[in-house]
Amino acid sequence: MKHLLSSLFVPQERNSHRASILRPHFLSFLIIFYLFNQTLIKSFTIVKPGVLGYSSEITAAKVFYSTNLERQKNGLPPLHFRSLLANSAKNKTQDMFTHNYWAHTSPEGKTPWDFFKSQNYEYTVAGENLAKDYYDTESMMTAWMQSPTHKENIVNPKYKEIGIGVADGVISGIKTTLVAQHFGTPVDGIIANNTTEEIELNSHPFGLSNESQVLAQTSTRLAISPLFISKLLGSLMFLILIFALLVDAYITLRNGTHRISGSSAGHLGFLLIIFIFLIYSQQGKIF
Amino acid sequence: MIIKEIKEKPGEHFILFIILFVGAILFFQFRYNELLRHRVIYGVVSSYFFWSLFHHYKKGDLHLSIIIEYFLFALLAVILIAF
C-alpha cells in the first residue's frame, strides 16, 4: 500500500520521475471511472425512480412575494394572485410529471395557453416561466432575473395577475420540484385581490391540508441530489490531482530532475479554475 | 518548480493567466445561463489546450506524450463539468 501511494504521488525512478496519478494511463482511468459513476447514477434513476433527486423549500407564497419584490424594484405595481391562474400553473406542473417532459409545449402539443383556457381564463396578454431542480426561491428568482426572456415576464407592466404552481414529483426517474408561473391580464379587466392565506393554501399541488404539506416537504428533503454526488466525486478527483501536482513539483525541484512533461504551473492554474467552476456550477434549470 | 517555470517563461504564463482570468469572469457573468456557461467552459478548456501546444512548441519539447497529457486534462475537465 505504501509503495502504491508512493508511486502514485511521488516522482521516482520506478514511475519514470513522474507521479503515476498524473500519467496518461491514470488520467484515462479517472475519466472512465467518472463516466462509469455517471452511468451508474443514470441506471439507478431507471431502476429505482424517485430515490435520487433535488430537495426544495420553495413555496408559491415565497415565489409570489419575490416576484412582486422584483417588480417593486423596477417601479412596477404588484401582481394580484389569481386562483384560476394558480390552477392552470398547478395543472401544468402535474402534466409535466404525468407525461414526463420539461418544456413549454407538451409532447402531445399542449401549449401553456391550453392550460389558461382550461380554466376559462380569458386574457389579453399571458406568459409562462418554468423552473426545476432548485433548492431555494432566491436562487431560482436570480436565475429568472438573469435571463432576459424570463425577466421580461416578471417585470412586464402589461401583466396584472399571477398564479404559481409548485409541485413535487418524479421526472426521468429523478425526484424534483417543478415551479410554474402563469402571468396574465384578464379581458374583463376585473383584477383579483386574494389574501396571503389563500395563496398559502394554493401553494400545494393538490391543495392538501397544512399537515400533509409538512409531510410532503419532509419526504422531499430525504432525496439525495445526483448533482451533489457528481460534484463530490469531481471535487475529490480535482483535489487529489492538485495535491499530486504540488507534491510532484516539489520533489522534482528538490531532486533537480529534468524530464519531458506538461507544465505543472499550467496544469495547476487550469485545475484550480475548473475546480471553482465545478463548485459554483448552478443547480436548477429554467425554461 | 511552479515558480521556476513561471519565471522561465513569464509572457506565456501571463497569457494563460489572462485566459483563466477572463474565463472566470465570463463564467460568473453567465452563471445562470446554462448554454452560455457551457460555452465559456468549452472556451476555457480549448484555449488551455491550444496554449499548451504553443507553450511547448516555443519550448521545443512538443512531443506526442505531452499533447496526450494536456488532452486528457482538458477532457477530464469537460467531462466533470458537463456530464
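The values are calculated or read from the model by the stated rules, or taken from the named source; none is laboratory data. Just so we're clear, the structure is a prediction, and the values are computed from it rather than from any experiment. FYI the Cβ positions are ideal-geometry reconstructions off the backbone, even for glycines, and counts take in every protein chain you see.
A few notes on this one:
- Selection of the stretch A:85-127 for residues being assigned to a helix (DSSP H, G or I) and in contact with an Asp or Glu (Cβ under 7 Å, 6 or more places away or on another chain) yields A:L85, A:P112.
- For the stretch A:255-265, the tally of residues that are part of a helix (DSSP H, G or I), surrounded by fewer than 16 Cβ atoms within 10 Å (Cβ to Cβ) and within 9 Å of chain B (Cβ to nearest Cβ) stands at 0.
- Unique match (being under 21 Å from A:F277 (Cβ atoms), touching a residue at least 24 places away in the same chain (Cβ under 8 Å) and at the interface with another protein chain (Cβ under 7 Å from one of its Cβ atoms)) among B:Y70, B:Y48: B:Y48
- Test for B:L20: is it at pLDDT 95 or above, touching a Gly at 6+ places or on another chain (Cβ under 6 Å) and surrounded by 15 or more Cβ atoms within 10 Å (Cβ to Cβ): yes
- Sub-6 Å Cβ pairs linking a first residue in the stretch A:18-31 that is more than 10 Å from chain B (Cβ to nearest Cβ) and part of a helix (DSSP H, G or I) to a second residue that is crowded, with 19+ Cβ neighbours inside 10 Å and at pLDDT below 90, at least 6 apart or interchain, number zero.
- Residue that is more than 7 Å from chain A (Cβ to nearest Cβ), of a type outside the set (K, R) and either within 22 Å of A:L236 (Cα to Cα) or in contact with a helix residue (DSSP H, G or I) (Cβ under 8 Å, 6 or more places away or on another chain) (or both), where the choices are B:H55, B:H13, B:H38: B:H38
- Restricting A:I279, A:I274, A:I286 to those that are within 20 Å of B:L26 (Cα to Cα), surrounded by 22 or more Cβ atoms within 10 Å (Cβ to Cβ) and either facing chain B (nearest Cβ under 7 Å) or β-branched (V, I, T) (or both) reduces the list to A:I274.
- Extreme residue, surrounded by the most Cβ atoms within 10 Å (Cβ to Cβ), among residues of the stretch A:137-186 that are in a loop (DSSP other than H, G, I, E, B) and away from chain B (no Cβ under 14 Å): A:Y159
- Only one entry of A:L40, A:L35 meets the criterion of being under 30 Å from A:T177 (Cα atoms), among the hydrophobic types (A, V, I, L, M, F, W, C) and at pLDDT 90 or above, and that entry is A:L35.
- Residue in the stretch A:189-198 that is assigned to a loop (DSSP other than H, G, I, E, B), more than 8 Å from chain B (Cβ to nearest Cβ) and either at pLDDT 75 or above or on the phi > 0 side of the Ramachandran plot (or both) present: yes
- Those residues of the stretch B:18-34 which are assigned to a helix (DSSP H, G or I), more than 9 Å from the chain's Cα centre (by Cα) and at the interface with another protein chain (Cβ under 10 Å from one of its Cβ atoms), in sequence order: B:F21, B:G23, B:A24, B:F27, B:F28, B:Q29, B:E34
- Residue match in the stretch A:67-83 (condition: among the acidic types (D, E) and assigned to a loop (DSSP other than H, G, I, E, B)): no
- Single unsatisfied condition, A:G207 versus (1) at pLDDT below 70; (2) small (G, A, S); (3) assigned to a strand (DSSP E or B): (3)
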